[in-house]
1. For the range 364-374, check the following and say yes or no: at least one residue is over 24 Å from Arg174 (Cβ atoms), open to solvent by 10 Å² or more (accessible area, probe 1.4 Å) and part of a helix (DSSP H, G or I).
2. Looking at Glu152, Glu156, Glu160, which one is of a type outside the set (Val, Ile, Thr) and at pLDDT 95 or above?
3. From the set of residues in the range 1-23 that are over 18 Å from Val110 (Cβ atoms) and charged (D, E, K, R), which is surrounded by the most Cβ atoms within 10 Å (Cβ to Cβ)?
4. So is Ala178 within 16 Å of the ligand (Cβ to nearest atom), open to solvent by less than 50 Å² (accessible area, probe 1.4 Å) and within 26 Å of Pro82 (Cβ to Cβ) or not?
5. Restricting the first residue to the range 100-123 and requiring it to be among the aromatic types (Phe, Trp, Tyr), which pairs with a second residue that is away from the ligand (no atom under 16 Å from the Cβ) and open to solvent by less than 10 Å² (accessible area, probe 1.4 Å) meet a Cβ separation below 6 Å and a spacing of at least six or different chains?
6. On the basis of being under 19 Å from Ala131 (Cα atoms) and crowded, with 23+ Cβ neighbours inside 10 Å, does Gly77 make the cut?
7. Scan the range 210-239 residue by residue and report those that are under 34 Å from the mean Cα position of the chain (by Cα), open to solvent by less than 60 Å² (accessible area, probe 1.4 Å) and over 18 Å from Val316 (Cα atoms).
8. List every residue pair whose Cβ atoms sit under 7 Å apart, with the two residues 6 or more apart in sequence or on different chains, where the first one lies in the range 141-159 and is over 22 Å from Pro355 (Cα atoms) and the second, anywhere, is of a type in the set (Phe, Trp, Tyr) and within 13 Å of the ligand (Cβ to nearest atom).
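The values are calculated or read from the model by the stated rules, or taken from the named source; none is laboratory data. These numbers come from a predicted model, not from an experiment. With ideal geometry, Cβ positions are generated from the backbone for all residues, glycine too; neighbour counts draw on all protein chains shown. Only protein heavy atoms, including side chains, enter the accessible area calculation; ligands, DNA and RNA are left aside. Shrake-Rupley method; radii C 1.70, N 1.55, O 1.52, S 1.80 Å.
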Amino acid sequence: MDTEIVRRSVHDDVPRITDELARLVAIPSVGYAGYDPATVRASAELTRDILARAGFADAELIELAGGHPAVFGRIDGPPGSPTVLLYAHHDVQPAADPAAWSSPPFEPRVRDGRMFGRGSADDKSGIAIHAAALRALLADGPPPCTVKVIIEGEEECSVEHLPDLVAGHAEQLRADIAVIADGGNYRTGEPTIGTSVRGMTSVLVTVDVLPIAQHSGTFGGPLPDAVMSLARIIASLHDDDGAVAVAGLHAFPWPGTQIPEEDFREESRVFPEVRLLGSGTIADRTLSQPSINVLALEAPRVDEVANQIVPTARAVVGLRLAPGEDPGAATRALAAHLRAAAPWGVRVTIEPKEPAPGYMVDLAAPALRAAREALGAAFDRRVLEMGSGGSIPLVPMLAATFPGIEVLIWGAGDHRSNWHSVDESVDLADLERMVVAETLFLGRLGREG
Ligand SMILES: [Zn+2]
């Protein structure tokens, strides 16, 4: 496949790519409980239509009992050619505070070459890449390899139905190579392959001190309250330098590309006077060490304050895991720590949430070499290899279900994409280059297979 021909054909397709992405972004497909599930179904249906028109003629919804629909399509290559599975997800994070956005989160707008809107990067850009890459591939002739596509409908909100989707549809999804378009570039215009994902787990910890609230004047003094008890438990999770204090968690020095502290500070937008926690390099701390954050806290609201001894309080404690960590063992270590940290004999109940392991990509795999070449050609730049501090539970599950599968993680998002935050956006020139890269990758894969 000639790089220039692909580049031109994709460039001519840009209005359509942009339009498809905008139509996807306009659907508020939030899968969390409390949001209208019909929107997720609508985005599944639009995704199916886009994929069908791109060349996955029989694209269809996969229904998951009690879950949001995924979308599947396939187009067969010559017998004996490799099978590649393209992945993205069509559900998005909520846009909790629309007023904080520069433009409404579900009304896609293009400013300075970027499309703004919830899901523009994470991960509707992935759908746009896969559809456009198939179009460009088919413009060159019949597909040289078997291409399957799976667009998940609840990546952001749940892993409950993931085993049903992957193991439950193993024959349908089976592939030699998976392309996960849910990653991104380190910087705008700097092509990046994802090399690892962290695992994750979380627990709901509930502290109970007494069966009902009591008058803080009559009983205050001898009685602890639930909030101060929970605060002590939470405080025990880190040492004074902010390093994770839970014993027995896996960590290792990050072997790949390092991340300058200035870049990290700039990207995170942390206030300059705030000290960074833990020790080791930024890459160690974000990619190959565990991290703990309190994700939610429940106690009386300030607006509803009363002079009472608070009887119960709860928090969700999230734990990110180094690749290779056993998430079950890590969850047990966290639970044991929380129990042991409970002061004054207060009652502590721990409810673990769905854990997911991390994953290290095999950079020596042939598909990774092909991907590096395709990405380098599309961007005309040296390709970076970076780990991700985030988690993609699908990745370890694919590896477990299809032993030997080569997994590739990339995407069109970048450091300015504001993943999960306000003013999410994607760079449209990088989106175009990602389509070129994926087209070249698929084309060359077939030829080598
Ligand atoms: Zn995502």
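1. As a first pass, look at the range 364-374 and keep what is over 24 Å from Arg174 (Cβ atoms): 372-373.
Narrowing the set further to residues that are open to solvent by 10 Å² or more (accessible area, probe 1.4 Å) leaves 372-373.
From what's left, part of a helix (DSSP H, G or I): 372-373.
Among the residues of the range 364-374, at least one is over 24 Å from Arg174 (Cβ atoms), open to solvent by 10 Å² or more (accessible area, probe 1.4 Å) and part of a helix (DSSP H, G or I), which makes the answer yes.
2. Being of a type outside the set (Val, Ile, Thr) and at pLDDT 95 or above holds for just one of Glu152, Glu156, Glu160, which is Glu152.
3. Out of the qualifying residues, it is Arg7.
4. In short, yes.
5. If the second residue must be away from the ligand (no atom under 16 Å from the Cβ) and open to solvent by less than 10 Å² (accessible area, probe 1.4 Å), the pairs left are Phe116/Ser103.
6. Answer is no for this residue.
7. none
8. Close Cβ pairs satisfying both conditions: Ile150/Tyr87.
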